[in-house]
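Step one of this worksheet: look at the structure below.
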Amino acid sequence: MKGTNLGELEELVLLMVANLYDDAYGLAIRNEIKDKCNRAVSLGTVHSTLHRLQDKGFVDSKYGTKNPSSRGGRPKLLFKVTQSGERALRQSRELRNQLWDTIPELVFGPK
Amino acid sequence: MNQPNAPKWIVRLVQRLLDPSLLDAVLGDLMEEFDQNVSQVGLRKARRQFARSGLVILFQHRLRRKRVARRSIWNASMLGYHIKLSFRQIRKNFLFSAINISGVGFSMVGILLIGFYLTRELSYDHFFSDLDRIYRVIPIYHNSTNDRPMPSAPPALGPLLVNAHGGIEKSARVYISDINNVLGYEDRHFIEKRIFYADSAFLDILDFPLIVGNSETALNAPNTVILSRRHAIKYFGTVDILGKSLHFNEDRTVMVTGVVEVPENSHLQFDVLMSFSTYRVPPGYTDDLTSWRWNGFFTYVKLSGAEQQTTIEQFLTDTWMANQNRDREVTVTLQPVKDIYLGSSYVYHPYFAYHYQTGDAKALYGLIGAGVLLLTITLFNLANLSSAQLTRRFKNITISKILGSSTRSIGYQLLVEALLISFLGVLLAFVGIVIFSDPFETLIGYQLELKGQEVVPFIGIVLLAIVILASVPISVSVLKASRHSISDRAISVKSINRGLSWRSILMIFQLIVTSVLLTATLVMKDQLAFISQRNLGFEKENVIIVEMQGEILERHYERIKTGLSNNPNVTGISRSKYALNGKSGGSPLSMKSWDSSESFGVAVYESHYDFLETLSIEILDGRSFSQSFPTDSANAIILNRTAVEMLGLDVEAAVGQQVRLLDWDKTIVGVVEDFHIASLHGTVRPMAMVMPFTHSTKLLVKLSSGDVSTHISSIQEDWRALLSDVPFDFHFLDDSIQSQYEMDQRFSRLTTTFSTIAIVVALLGLFGVSGFLLQTRLKEAAIRKVLGASFGEIVLLLSKSFYFQMLLSVLISIPVSIYIMQHWLNNFAYAIDLNANSILIALLLVTTLGGATIFYQSSRIAIVNPSKNLRND
């Protein structure tokens, strides 16, 4: 397993899992990314990223209990952010904020 | 419940390749997306999107099913084990393996030979360094009826091209002398027939490699000469001969400025290369080197770039039309030197048949076709044999599976076996070619030497061949194995006699190809025999031709004639400039009354008194040249029947008519029956005979019948008494006529070899396949025998389906061979009619050999004691 850093897409997917809370599965995440970020990612990429996040321990998954009549009768694989996933998200946000705060005013001009 | 409208193959692929724990999640997502898409963008787009998403998912390797023992097969010890097992398998089924290996070997011999031949034919002229921008000038003469492209140009054109246009870097004329010249050093004097005269830029354009000498200056001065390596050795015994002098004809001396290597695969083949300024127009010629009419000078140009071609063609046409001092419509084109060898049929002109070499592109296509067929036969054979073989091994395979081998490992075992067999076959072919290289070289007419970069494509071809050959048994095994479950395999081979169809189709195809090849061989042999026996319109037997230098022959002709006439073995003597092997002069001929622009080309033969008599050419009307008519040497002309008809005259009314040959007025004194001055590929063309106005170089001597060698030695004695210092350089007329068919004969030899190989391969295949198929009926035969069937009944029962297939293929092959051979025969102006004989013989041969093979196999089974085959059950 590569380190526990969050890649850009990984972070995005992780945030979406958190946002969707109890209905976070592959296609929903894909659609959410499309709607909110206007960014087309393929289903394969989403699943692959989720798989990677699971390997790193940032998400946990289990199959949904009710068998829907759509989806060819196949259950959803629902994802949930783990504690270490939450920690990773917070860390990355803090790091960002810190870095934003220390940008000299000269660079972007006064706020 | 799957979504019914989604593409099933994607679903199946995903099910097969995806990590099973993710399967529901992913497939569910795909289906849900599909449903969304159906309502949003329609079914078609949704299906496409489904496939796209599915494939993208499969490209994510972390989502795929994990393979566990993936690499262990290919480690070294396992490979060693596979090879060992393969050798055991080969030894166990020795007959089967031997058939397979020798089948592969035979056909590889054929394919390699074709490969060598093709490489050689395609390599012509590729050693020139600026190949992409050197061209030969091809003027196209237009007249009212046709356009005549010529490979050469008038001598006046060449000098006009030097520094005339920025696009032309270099230009050079080459003149190929068709008179006999004598070169001599000390006491070694020889008649040289392949002397080329070339402008100084010649070696800059066509850069034949010089062994010694400076290619830039070697041809600058008059009286300089470059010898080929062979001729340097012939005269001096060494190539270190710069600055040495040679006698040239009777009164001249030339200095050696270089020794050149003339590769065999060059369209120009010369022994001696002299500077153009050395050339002197022989006495009697009507034109000099400023002529626009004398078309006999090959003109080569090197352009600054290939893109200049059209510009320069236009420039050349303009230059020609502006400078020519006659009224003739001409378009000048450029032919890339790399196309000369195989692409010159459109400029083929009999006058130049011997001046540069040409190959036959059609024959090459034929050969490639034969090679492909041979390869197909071999592949079919392998497929047939290995599928028959595989059924035998099902038990073996099943047991190893039960003992824990993976399918993969069994697959590798089969792969190694197949590779080994095709490798051994190819190795066999190579060893065969190396051992029998001499007969093979005569067969293809070239040396089989491969060096430098030529080897690379060959290694590639061979490796490719091994892989292709091996892939057949592999795919057969995979196909077969996938259709049988383990229990099927363990039980028996019962399935083999059901759906025989595809195996029969392969066999039928093979037999068709074999019959066609065999028929082709026989027809070709017939045609070539027909040609060599055809009446050419003159008697070619017992005539010898003595090659002499023109001046000497002219000076001594009367003495020779009187001297040799006393010899009782000599029945006729004449002299001529050409000797009936394709070469001739050419000029326009017309009735004197015709308009000056009307004329047609005729072959011109300069021949002396008694020419017609010596060769027994039939005179239809009038007479031959005669000493009693002194004006004959200036005014008389003898025409052949074709020429007379083209003049619009009756044969009976032609004598006495006035005609114009080039610029001369002539009177027809005789009409002769058509006779062949060139090969039978072409029809008889109009020809005119006149008394020699230039040096003639060939002395024709007709011998009386009887022992030729004693006749010749007696003539040789007379010769020595008459002309002690002139070499008696002679050959037989029929030999030189026959030499025109060398290419055809080579081609026929190649076809014979290929059809032999094809027959052997096909029979090997038939032997193997029928053997294996019949093995499966051992018990059936035994039981029938116990129940009272006779030997004959069993043989018939076992073999009738084979005979039926053989009959079918023979029947199909008949129209195919007729079609193909009719096409080939169209190349000849005088061809045999396709008769039933050769086809019948070929088919009989195929059926007899095939029938014998099958009879042998089936009788072997029928004859055996039934208890031997039944006691094990």
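Does at least one position in region B:247-264 carry a residue that is over 25 Å from B:Gly158 (Cβ atoms), open to solvent by 30 Å² or more (accessible area, probe 1.4 Å) and free of Cβ contacts under 8 Å to residues at least 24 places away in the same chain?
For region B:247-264, residues over 25 Å from B:Gly158 (Cβ atoms), open to solvent by 30 Å² or more (accessible area, probe 1.4 Å) and free of Cβ contacts under 8 Å to residues at least 24 places away in the same chain: present.
Looking at the structure I just gave you, is B:Ala25 in contact (Cβ under 8 Å) with a residue 40 or more places away in the chain and within 11 Å of chain A (Cβ to nearest Cβ)?
no
Inside chain A, counting only helices (runs of 4 or more DSSP H) that do not spill past its ends, which hold 3 or more residues that are away from chain B (no Cβ under 14 Å) and acidic (Asp, Glu)?
In chain A, A:83-101 are the helices (runs of 4 or more DSSP H) which contain 3 or more residues that are away from chain B (no Cβ under 14 Å) and acidic (Asp, Glu).
Could you say whether any residue in region B:399-412 is part of a helix (DSSP H, G or I), modelled with pLDDT of 75 or more and of a type in the set (Phe, Trp, Tyr)?
The answer is yes; a qualifying residue exists.
Scan region B:830-855 for residues that are among the hydroxyl-bearing types (Ser, Thr, Tyr) and surrounded by fewer than 13 Cβ atoms within 10 Å (Cβ to Cβ) and jot them down.
Result: B:Thr848, single match.
Among the candidates B:Ser495, B:Ser485, B:Ser422, B:Ser477, single out the residue that is over 26 Å from the mean Cα position of the chain (by Cα) and at pLDDT 75 or above.
B:Ser422
Out of B:Ile233, B:Ile195, which single residue is surrounded by fewer than 22 Cβ atoms within 10 Å (Cβ to Cβ) and within 35 Å of the chain's Cα centre (by Cα)?
B:Ile233
Give all pairs with beta carbons closer than 7 Å in which a residue from region B:276-301 that is acidic (Asp, Glu) meets a residue that is crowded, with 18+ Cβ neighbours inside 10 Å; count only pairs at least 6 apart in sequence or on separate chains.
Taking only residues 6 or more apart or on different chains, the pairs are B:Asp287/B:Trp294.
Inspect all residues belonging to region B:339-350 and state whether any of them is over 30 Å from B:Arg120 (Cα atoms) and modelled with pLDDT of 90 or more.
Scanning region B:339-350 turns up no residue that is over 30 Å from B:Arg120 (Cα atoms) and modelled with pLDDT of 90 or more.
Pairs under 8 Å by beta carbon, first residue surrounded by 12 or more Cβ atoms within 10 Å (Cβ to Cβ) in region B:553-568, partner of a type in the set (Gly, Ala, Ser), six or more apart or different chains?
Close Cβ pairs satisfying both conditions: B:Leu553/B:Ser696; B:Glu554/B:Ser696; B:Gly563/B:Ala721; B:Asn567/B:Ser714.
Test B:Ser633 against the stated conditions and say whether it is of a type in the set (S, T, N, Q) and over 42 Å from the mean Cα position of the chain (by Cα).
yes
Could you run through region B:508-537 and say how many residues are more than 20 Å from B:Ser107 (Cβ to Cβ) and not in a loop (DSSP other than H, G, I, E, B)?
The number of residues fulfilling the criteria is 12.
All but one of (1) at pLDDT 90 or above; (2) in a loop (DSSP other than H, G, I, E, B) hold for B:Ile544; which doesn't?
(2)
Scan region A:64-111 residue by residue and report those that are open to solvent by 60 Å² or more (accessible area, probe 1.4 Å) and among the hydroxyl-bearing types (Ser, Thr, Tyr).
Across region A:64-111, the qualifying residues are A:Thr65, A:Ser69, A:Thr102.
Which of the residues belonging to region B:248-278 are farther than 27 Å from B:Pro336 by Cβ and hydroxyl-bearing (Ser, Thr, Tyr)?
Of everything in region B:248-278, those that are farther than 27 Å from B:Pro336 by Cβ and hydroxyl-bearing (Ser, Thr, Tyr) turn out to be B:Thr253, B:Thr257, B:Ser277, B:Thr278.
Name the strands (runs of 3 or more DSSP E) wholly within region B:624-709 that hold at least 1 residues that are open to solvent by 10 Å² or more (accessible area, probe 1.4 Å)? Talk me through it step by step, then tell me what you get.
On the way: elements: B:636-640, B:658-661, B:664-672, B:687-690, B:698-703.
Once the strands (runs of 3 or more DSSP E) in region B:624-709 are filtered for at least 1 residues that are open to solvent by 10 Å² or more (accessible area, probe 1.4 Å), what remains is B:658-661, B:664-672, B:698-703.
Can you work out which of the residues in region B:36-86 that are facing chain A (nearest Cβ under 10 Å) and open to solvent by 70 Å² or more (accessible area, probe 1.4 Å) is modelled with the highest pLDDT?
Here the residue is B:Arg52.
Looking at this structure, is A:Tyr25 touching a strand residue (DSSP E or B) at 6+ places or on another chain (Cβ under 6 Å), hydroxyl-bearing (Ser, Thr, Tyr), at pLDDT 85 or above and open to solvent by less than 30 Å² (accessible area, probe 1.4 Å)? Spell out how you get there, then give the answer.
Numbers: touching a strand residue (DSSP E or B) at 6+ places or on another chain (Cβ under 6 Å): yes; hydroxyl-bearing (Ser, Thr, Tyr): yes; at pLDDT 85 or above: yes; open to solvent by less than 30 Å² (accessible area, probe 1.4 Å): yes.
Taking the combined requirement at face value, the residue satisfies it.
State whether the residues of region B:12-21 include one that is more than 12 Å from every other protein chain (Cβ to nearest Cβ) and open to solvent by less than 30 Å² (accessible area, probe 1.4 Å).
Scanning region B:12-21, I find no residue that is more than 12 Å from every other protein chain (Cβ to nearest Cβ) and open to solvent by less than 30 Å² (accessible area, probe 1.4 Å), so the answer is no.
Looking at region B:257-272, can you tell me whether even one residue there is of a type in the set (Phe, Trp, Tyr) and assigned to a helix (DSSP H, G or I)?
Scanning region B:257-272 turns up no residue that is of a type in the set (Phe, Trp, Tyr) and assigned to a helix (DSSP H, G or I).
In contact (Cβ under 8 Å) with a residue 24 or more places away in the chain and buried (at least 20 other Cβ atoms within 10 Å of the Cβ): is that true of B:Leu342 in this structure?
no
When you look at B:Thr238, is it open to solvent by 10 Å² or more (accessible area, probe 1.4 Å) and under 36 Å from the mean Cα position of the chain (by Cα), yes or no?
Yes; evaluated as a whole, the condition is true for this residue.
What single numbered condition from (1) touching a Lys or Arg at 6+ places or on another chain (Cβ under 9 Å); (2) among the polar types (S, T, N, Q); (3) open to solvent by 30 Å² or more (accessible area, probe 1.4 Å) fails to hold for B:Thr299?
(3)
The values are calculated or read from the model by the stated rules, or taken from the named source; none is laboratory data. This structure is a prediction, so every number in the text was calculated from the model and none was measured. Note that we place each Cβ from the backbone using ideal geometry, even for glycine, and neighbour counts take in every protein chain shown. Ligands, DNA and RNA are stripped out before the accessible areas are found, and what is left, the full protein with its side chains, is counted by its heavy atoms. Shrake-Rupley method; radii C 1.70, N 1.55, O 1.52, S 1.80 Å.
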